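Undergrad: Just dropping this structure here.
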Amino acid sequence: MGRRWRDGRGELVVHGGGEGPSATVPLEIATSYRARTKGLLGRDSVDGAILLSPANSVHTFRMRMPIDVAYLDRGLRVIGVRTMRPGRLGMPRLRARHVVEAEAGVMAGWGVREGALVEVIT
């Protein structure tokens, strides 16, 4: 199930287990080393979310805001969600292959929780 995303924009569709998608969110896609390294560093806000791939951990050093972090497995199922304040180092998640970052507090409203399935549309 190899993913062939490129740096750019897309949409994150969250399937929370109900009849249809829980939310559709604007998404930045960061797959190159340079884009993944930069991530949300130095920003005051983000419109939607950013996908880092491949990734299994993140840090918030030099960030200006707290963020929600969702760890996704190979099949894009959420295996963990946490909120991180600036200046923190997240522990690697062994099964994680991708990470989604957004402003703190928004993922719960989108239905992003452990076990939820997401889809990336480019």
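The values are calculated or read from the model by the stated rules, or taken from the named source; none is laboratory data. All values derive from a computational prediction rather than experimental measurement. We place every Cβ from the backbone using ideal geometry, glycine too, and count neighbours over all the protein chains shown. Side chains included, ligands, DNA and RNA excluded: accessible areas come from the protein's heavy atoms. Shrake-Rupley method; radii C 1.70, N 1.55, O 1.52, S 1.80 Å.
Undergrad: Please identify every one of the chymotrypsin sites (Phe, Trp or Tyr not before Pro) in segment 27-122 that sits in a loop by DSSP and has no more than 14 other beta carbons within 10 Å of its own beta carbon.
TA: Sparse-neighbourhood loop chymotrypsin sites (Phe, Trp or Tyr not before Pro): 61.
Undergrad: Please give the net charge around residue 50, taking every other residue with its beta carbon less than 12 angstrom from that of residue 50, where Lys and Arg add +1 and Asp and Glu add -1.
TA: -2
Undergrad: Sticking with this one: Rank 37, 31 by accessible area, highest first, at a 1.4 Å probe radius?
TA: Largest to smallest exposure gives the sequence 37, 31.
Undergrad: Would you list 7, 68, 47 from the most to the least accessible area, probe 1.4 Å?
TA: The ranking, largest first, comes out as 47, 7, 68.
Undergrad: At 1.4 Å probe size, with the rest of the protein present, what percent of the exposed accessible area of the chain is carbon and sulfur atoms?
TA: That share works out to 48 percent.
Undergrad: Next up: For residue 34 and residue 122, calculate 0.36 nm times their separation in residues minus their Cα-Cα distance, and state this gained length in nm to one decimal.
TA: Using 0.36 nm per residue and subtracting the Cα-Cα distance, I get 29.7 nm.
Undergrad: What relative contact order, as a whole-number percentage, does segment 1-103 give when Cα pairs under 8 Å and 6 or more residues apart are counted?
TA: Relative contact order here is 25 percent.
Undergrad: What FRET efficiency comes out for residue 106 versus residue 4 if R0 is 41 angstrom and r is the Cβ-Cβ distance? Round to the nearest 0.05.
TA: So, using R0 = 41 Å, E works out to roughly 0.90.
Undergrad: Follow-up. Counting helices only, and only those DSSP H runs with n ≥ 4, report the 222 nm mean residue ellipticity of the chain as the sum of -39,500 (n - 2.57) divided by its residues, in deg cm²/dmol to the nearest 500.
TA: That calculation yields -2000 deg cm²/dmol at 222 nm.
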